[in-house]
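Beneath this line is the structure, given in structure tokens, with notes to follow.
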Amino acid sequence: MVELRYESTRGSAEPVSFSQAMLNGLAPGGGLYVPTRWPSYTSRSAAGDLAAVASDVLRDFFAGDALEAELPAITRDAFSFPAPLTSLGADAHMLELFRGPTAAFKDFGARFLAASMARLPRDSARPLHILVATSGDTGGAVAAAFHNRPGIQVSVLYPKGLVSPAQERQLTCWGGNVSSFAVRGAFDDCQRMVKQAFADAAMRERYELSSANSINVGRLLPQMSYFAATSLVIWNAHGAPASYVIPSGNLGHATACAWARRIGLPIDEIVLAHNANRTMPDYIESGEWRPRASVHTLASAMDVGDPSNAERLRHLYPDIAELRRAFSAYVIDDVAIRTRIRIGHDEHGQFWCPHTAAAAEAFARHKPRGAGRWVVVSTAHAAKFPEVVEPILGQAAPVPPALAALRGQGPTEEIEPTLAALSAALH
Ligand SMILES: *Cc1c(COP(=O)(O)O)cnc(C)c1O
């Protein structure tokens with residue numbers, strides 16, 4: 001297999017290796033990295049655990065990269081917890097992606113990124129420093145994934161007083177190589193400080209800076225793995241391709257599923273469940289891309305008004321008619337989310353997080369064809385959203401042990417929302 005390189009969606013920059021695309025995060029000029037060509041995956045074997053399938057499916061994406069030989073070790077390291085398909089009545093399955101350390105699917109991408117970065121040959125004079133701005137969930141998954149990785153420092157910036165107490169504990173409980181900073185500002189200030197740090201010559205001299213946000217191709221590729229693994233299981237059981245309903249915000253998940261279908265995995269329909277942030281559903285309907293300010297909803301991890309990965313989807317399907325054939329999309333408001341959380345409990349005896357409930361509602365509206373080969377994706381454990389779920393069901397979702405362990409309130413330093421304050425605070 002010849003080397004696979006990654007180019008910008010905006011076409012301007014020189015293609016780079018996987019490792020370089022991962023370290024850069026964003027392509028120069030602001031585009032997102034996408035493969036320069038598509039590998040072809042023809043095996044229909046569903047044998048092996050998730051790590052084995054992941055390393056098989058991703059092999060061609062690592063072709064010629066410095067990390068190629070490490071891929072099996074990376075997937076074993078990252079995918080240390082399962083992604084089971086459970087039953088959702090007679091019609092469908094649920095894909096449970098919340099069995100990781102912070103009980104949301106972002107653990108898969110964050111852990112894969114950490115396992116990859118930890119294996120890169122490094123310039124010991126400048127430590128690798130991961131800077132993350134978080135509005136809540138991403139920071140916890142990234143901190144958990146990089147905690148105790150030798151030679152890598154992590155700084156998490158979050159808006160003081162604007163994350164929930166449970167989220168704050170998940171951001172600050174680590175210690176060691178993970179530092180957390182409560183910024184006296186909003187999430188946008190945190191994000192601006194990270195961007196300023198990347199553009200600052202003095203910072204770049206001190207550290208090799210990298211980001212871990214969700215547009216990093218090192219977080220996207222691993223998300224293809226469980227779509228691949230489950231589509232093969234369904235293919236072998238039904239002799240037909242699988243279809244997915246995906247709770248969507250920044251559209252990383254949707255992109256990973258579309259990429260898996262593009263390389264030949266047996267995937268048929270992809271249905272996007274959005275909350276009231278309806279930029280993507282409106283685009284599919286009107287053909288006009290109109291990003292807008294995000295609105296707050298119960299499914300807060302999907303509160304994105306200008307989804308970054310739409311750029312990758314439009315690159316894959318430049319023609320709007322093709323894009324319409326590739327995806328269906330539904331807008332699920334908070335009233336419908338609440339109702340569906342109740343149905344999940346009454347009819348299925350399950351606790352659904354608001355994002356999962358949005359997907360279950362979109363599935364019901366889609367009136368799907370092909371019983372048994374549909375998969376509704378569950379992106380987080382309901383226990384992460386007690387303030388939403390408890391008032392609806394009158395009881396709390398049982399807390400999984402991994403989440404219960406993230407209790408300790410660790411040290412956090414309060415800083416002003418400026419690059420100078422961040423620079424002074426970094427050790
Ligand atoms: C991030 C997130 C989503 C949205 O995923 P995208 O890849 O951004 O579309 C959905 N559900 C949960 C729980 C999340 O944390």
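The values are calculated or read from the model by the stated rules, or taken from the named source; none is laboratory data. Quick caveat, the model's predicted, so the values are computed rather than measured. Cβ placement follows ideal geometry from the backbone for every residue including glycine, while neighbour counts extend to all protein chains displayed. Note: areas computed on protein heavy atoms with side chains; ligands, DNA, RNA excluded. Shrake-Rupley method; radii C 1.70, N 1.55, O 1.52, S 1.80 Å.
Determine the pairs where a residue that is within 18 Å of Phe61 (Cβ to Cβ) and in a loop (DSSP other than H, G, I, E, B), located within region 251-279, has a partner that is among the small types (Gly, Ala, Ser) and modelled with pLDDT of 95 or more with Cβ atoms under 7 Å apart, the partner being 6 or more residues away or on another chain.
Between residues of region 251-279 that are within 18 Å of Phe61 (Cβ to Cβ) and in a loop (DSSP other than H, G, I, E, B) and residues that are among the small types (Gly, Ala, Ser) and modelled with pLDDT of 95 or more, the close pairs are Ile263/Ser40; Gly264/Ser40; Leu265/Ala228; Leu265/Ser231.
With the checklist (1) closer than 29 Å to Gly136 by Cβ; (2) open to solvent by 10 Å² or more (accessible area, probe 1.4 Å) in hand, flag the one item Pro28 doesn't pass.
Only one criterion is unmet by Pro28, namely (1).
Across region 243-278, which residue is surrounded by the fewest Cβ atoms within 10 Å (Cβ to Cβ) among those that are among the polar types (S, T, N, Q) and within 12 Å of the ligand (Cβ to nearest atom)? Don't jump to the end; show me each part of the working.
Step one: list which residues in region 243-278 are among the polar types (S, T, N, Q), which gives 243, 248, 250, 255, 275, 277.
Narrowing further to those that are within 12 Å of the ligand (Cβ to nearest atom): 248, 250, 255, 275, 277.
Numbers: Ser248: 34, Asn250: 20, Thr255: 26, Asn275: 28, Asn277: 24.
If we take residues in region 243-278 being among the polar types (S, T, N, Q) and within 12 Å of the ligand (Cβ to nearest atom), then Asn250 is surrounded by the fewest Cβ atoms within 10 Å (Cβ to Cβ).
Filter region 1-52 down to the residues that are under 19 Å from the mean Cα position of the chain (by Cα) and assigned to a helix (DSSP H, G or I), then identify the one that is nearest to Leu265 (Cα to Cα).
Ranking the qualifying residues of region 1-52, first place goes to Leu50.
Which condition number in (1) more than 25 Å from Phe61 (Cα to Cα); (2) in contact (Cβ under 8 Å) with a residue 60 or more places away in the chain is the one that Thr297 fails?
(2)
Output the residues belonging to region 361-371 that are open to solvent by 10 Å² or more (accessible area, probe 1.4 Å) and touching a residue at least 40 places away in the same chain (Cβ under 8 Å). Steps first, please.
At the first step, the residues of region 361-371 found to be open to solvent by 10 Å² or more (accessible area, probe 1.4 Å) are 361, 363-371.
Those that are open to solvent by 10 Å² or more (accessible area, probe 1.4 Å) and touching a residue at least 40 places away in the same chain (Cβ under 8 Å): Glu361, Phe363, His366, Pro368, Gly370, Ala371.
Can you list the helices (runs of 4 or more DSSP H) found entirely within region 303-418 that contain at least 2 residues being within 15 Å of the ligand (Cβ to nearest atom) and in contact with a strand residue (DSSP E or B) (Cβ under 7 Å, 6 or more places away or on another chain)?
Numbers: elements: 310-316, 320-326, 334-348, 354-366, 386-393, 401-404.
Those helices (runs of 4 or more DSSP H) span 354-366.
Residues in region 227-242: is at least one away from the ligand (no atom under 12 Å from the Cβ), free of Cβ contacts under 8 Å to residues at least 12 places away in the same chain, over 29 Å from Ile392 (Cβ atoms) and in a helix (DSSP H, G or I)?
No, there is no match, as no residue in region 227-242 is away from the ligand (no atom under 12 Å from the Cβ), free of Cβ contacts under 8 Å to residues at least 12 places away in the same chain, over 29 Å from Ile392 (Cβ atoms) and in a helix (DSSP H, G or I).
When region 202-216 is examined, which residues are found to be among the small types (Gly, Ala, Ser) and open to solvent by 40 Å² or more (accessible area, probe 1.4 Å)? Working first, answer last.
Within region 202-216, the first condition is being among the small types (Gly, Ala, Ser), and the residues that meet it are 202, 210-212, 214.
Correct list: Ala202 only.
Of the conditions (1) farther than 30 Å from Gly344 by Cα; (2) open to solvent by less than 60 Å² (accessible area, probe 1.4 Å), Glu96 fails just one. Which one is it?
Result: Glu96 passes all but (1).
Out of region 388-420, which residues are touching a residue at least 60 places away in the same chain (Cβ under 8 Å) and of a type in the set (Gly, Ala, Ser)?
Residues of region 388-420 that are touching a residue at least 60 places away in the same chain (Cβ under 8 Å), as a first pass: 388, 400, 402-403, 406-419.
Result: Ala402, Gly408, Gly410.
How many residues, within region 99-110, are part of a loop (DSSP other than H, G, I, E, B) and open to solvent by less than 30 Å² (accessible area, probe 1.4 Å)? Quick ask: steps written out before the conclusion?
At the first step, the residues of region 99-110 found to be part of a loop (DSSP other than H, G, I, E, B) are 99-103, 105.
Imposing the further condition that a residue be open to solvent by less than 30 Å² (accessible area, probe 1.4 Å) reduces the set to 100, 102-103, 105.
Looking only at that region, the number is 4.
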